[in-house]
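None of the figures in this text is laboratory data; all of them are computed from the coordinates on show. Given the structure is predicted, the values throughout are model-derived calculations rather than measurements. So basically every Cβ, Gly included, is an ideal-geometry build from the backbone, and we count neighbours across all protein chains shown.
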Protein chains: 2
Amino acid sequence: MKILVTNDDGIDSAGIAALADALREIAEVTVVAPSEEQSAVGHGITMKYPLRVFNYQKNGSFFGYAVEGTPADCVKMGIRNIMGESPDLVISGINHGSNTAINIIYSGTVSAAREAAIMDVPAIAISVTSHEAKDFKYAGKVAIMVAQKVIKYGLPRGTLVNVNVPNFPENEIAGVLVTEQSKAKWDDIYEKRTDPFGKDYYWLTGKLVEIENELNTDQFAIKNKFVSVTPIHFDLTDYDTFEKMKSWNIEKNFNEKAH
Amino acid sequence: MKILVTNDDGIDSAGIAALADALREIAEVTVVAPSEEQSAVGHGITMKYPLRVFNYQKNGSFFGYAVEGTPADCVKMGIRNIMGESPDLVISGINHGSNTAINIIYSGTVSAAREAAIMDVPAIAISVTSHEAKDFKYAGKVAIMVAQKVIKYGLPRGTLVNVNVPNFPENEIAGVLVTEQSKAKWDDIYEKRTDPFGKDYYWLTGKLVEIENELNTDQFAIKNKFVSVTPIHFDLTDYDTFEKMKSWNIEKNFNEKAH
């Protein structure tokens with residue numbers, strides 16, 4: 001089995017090292033990751049500038065390929081040029097910090113997995129729920145478990161799996177839940193500061209506003225110490241609204257006006 | 001009516017000027033847009049660096065606010081700090097180049113509108129299908145038509161409207177279609193070059209591979225000279241796979257192993 005490993009925290013992060021180490025037990029692992037941290041870059045790709053690729057050493061031996069680009073760039077470059085073939089699986093992570101609810105939209109980690117799914121490669125994004133996480137061993141085990149299930153059962157074209165692992169010791173984990181994306185989102189606050197030269201600048205802060213009484217969501221799972229496993233896709237059409245918009249008569253009205 | 005206008009081509013682009021001019025006929029318009037081009041940045045937001053905001057002049061008078069950030073940053077900053085209230089509508093564009101099929105994922109234009117929808121503000125993304133588009137008058141008319149329909153009929157929470165206008169004279173436009181997102185996606189090719197110092201670099205190129213016999217999609221519409229109007233959302237859960245994954249027994253198996 002061949003697995004491409006990437007992330008958004010950068011090739012030198014502890015999470016990707018733990019993930020690559022864990023997966024080498026079950027597969028031939030190729031690491032292609034951003035040369036610098038790319039958190040919250042969403043599904044950006046690099047088109048205005050060319051990409052460069054470097055060999056990255058760790059503890060004196062070759063660890064993987066560092067790309068001066070986004071997580072999605074790494075997946076495209078990894079599959080098209082570095083591997084030159086589709087791997088059996090792409091796994092992105094282990095991210096430092098949760099990727100649940102609306103954060104899925106902003107996440108570079110999830111976007112990398114989504115890029116793989118766009119390229120018809122089964123893909124998993126995996127995160128530990130704390131930015132201060134130090135121990136990724138249990139998350140590594142979860143990655144192997146989910147990877148084996150994905151290989152065994154397969155995924156429909158265009159579907160990827162988003163996994164969040166509570167930052168607790170293994171013996172405190174309540175179990176695993178298959179979940180939906182929570183509707184929780186950020187209440188943004190821009191903190192205004194003034195630089196030493198009298199000019200204003202703004203830091204994005206805020207808090208994630210929970211939805212009460214949500215069950216079966218990724219947020220519900222991690223708050224209750226469950227590993228959350230969410231199938232997500234990128235068919236963005238809102239089919240309910242598609243049907244309703246037929247009664248907007250924009251097709252008829254506008255055509256009549258136009259002709 | 002108050003409308004916040006943004007884009008991803010940058011505050012100095014011709015498309016946003018045309019959009020703001022058109023919308024001033026029906027609303028009080030506030031322009032908040034990136035100070036530099038931000039195409040294909042996806043739904044990135046700026047968290048590692050602070051944001052700065054500048055007044056931007058055009059032809060000697062105030063045109064809008066330039067933000068040193070992404071399109072999604074502009075919407076957050078525009079609503080939270082510059083307007084200090086939710087507008088009736090956010091419109092992103094007029095983009096130079098189509099945003100159909102998988103490009104919706106990469107698009108800064110669409111992500112700006114999606115950020116508005118996340119903030120519960122009705123939103124529209126509008127694009128003209130050629131990067132060489134010079135005349136945005138017809139697209140401006142379409143923006144007004146769709147804006148008025150959105151205000152009249154409303155949109156469900158979390159839904160936005162993605163509009164693509166063929167780059168043809170108004171009298172050659174066939175009409176308007178309500179469409180789905182096409183499944184077409186890119187066949188990527190990295191073009192390798194060598195810099196004057198002997199080091200390799202790569203340009204992302206490729207072509208959009210059409211899906212044969214697709215009807216009612218955004219790609220189908222624009223290829224047949226129809227204006228395409230697609231309702232999209234950001235509930236990414238794949239509910240079909242959610243049900244199927246229940247039979248993967250990861251919930252049961254893993255819990256048993258864990259305890």
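Taking the simple approach of a point 7 Å from Cα along Cα-to-Cβ for both A:Ile144 and A:Met1, what is their distance in nm?
With each label point 7 Å from Cα toward Cβ, the separation is 1.0 nm.
What fraction of the DSSP beta bridges in the protein assembly as shown is antiparallel, stated in percent and rounded to the nearest 5? Walk me through the numbers before you get to the answer.
On the way: 48 of 100 bridges.
DSSP beta bridges in the protein assembly as shown are roughly 50 percent antiparallel.
Give, rounded to the nearest 20 debye, the magnitude of the charge dipole that the stretch B:23-87 has about its Cα centre when Lys and Arg contribute +1 at Cβ and Asp and Glu contribute -1 at Cβ. Intermediate values should be presented prior to the final figure.
On the way: 6 positive and 7 negative charges, 32 e Å.
Using Cβ point charges on Lys, Arg, Asp and Glu, the stretch B:23-87 gives about 160 debye.
For A:Glu180, A:Glu115, which order do you get if you count the other beta carbons within 10 Å of each Cβ and list the fewest first?
Working: A:Glu180 23, A:Glu115 31.
Ordered by Cβ neighbours within 10 Å, fewest first: A:Glu180, A:Glu115.
Starting from the amide H of A:Glu180, placed 1.01 Å from N in the peptide plane, find each other amide H under 5 Å away whose residue is 5 or more places distant or on another chain.
Sorted by chain and number, the residues that satisfy this are A:Thr217, A:Asp218.
Give the lysines whose C-alpha is closer than 17 Å to that of B:Lys223, dropping any in the same chain fewer than 8 places away, or say none.
Qualifying lysines at Cα under 17 Å: B:Lys183, B:Lys185, B:Lys207.
Mind giving me the nanometre distance, one decimal, between the label points for B:Arg193 and A:Thr205, set 7 Å out from Cα along Cα→Cβ?
For the pair B:Arg193/A:Thr205, the computed spacing is 4.4 nm.
Over chain A, what is the relative contact order in percent, taking alpha-carbon pairs closer than 8 angstrom and at least six residues apart?
17 percent
So the label point sits 7 Å from Cα along the Cα-to-Cβ vector; using that for A:Asp195, what distances do you get to the other copies, in nanometres, sorted shortest first?
Distances to the matching label points in the other copies: 2.6 nm.
Using +1 on the beta carbon of Lys and Arg, -1 on that of Asp and Glu, and nothing else charged, what's the dipole of chain B about the Cα centre, debye to 20?
Result for chain B is approximately 320 debye, rounded to the nearest 20.
Near A:Pro50, within a Cβ-to-Cβ distance under 15 Å, what is the net charge of the other residues, with Lys and Arg +1 and Asp and Glu -1?
+1
List the residues, sorted by chain then number, that are 5 or more residues from B:Asn95 or on another chain and whose placed amide H is less than 5 Å from its amide H.
B:Ile126, B:Ser127, B:Val128
Note down the relative contact order for the stretch B:108-259 as a percent, whole number, built from C-alpha pairs under 8 angstrom at least six residues apart.
This gives 25 percent for the stretch B:108-259.
In debye to the nearest 20, how big a dipole does the protein assembly as shown give about its Cα centre with +1 on each Lys and Arg Cβ and -1 on each Asp and Glu Cβ?
That gives the protein assembly as shown a dipole magnitude of about 80 debye.
Over the stretch B:1-150, what is the relative contact order in percent, taking alpha-carbon pairs closer than 8 angstrom and at least six residues apart?
Rounded, it is 29 percent for the stretch B:1-150.
In the neighborhood of B:Leu208, defined by Cβ-to-Cβ distances under 13 Å, what is the net charge if each Lys or Arg adds +1 and each Asp or Glu adds -1?
Neighbourhood net charge equals -1.
Between the stretch A:130-200 and the stretch B:203-251, how far is it from one alpha carbon centroid to the other, in angstrom?
A separation of 24 Å, based on Cα centres.
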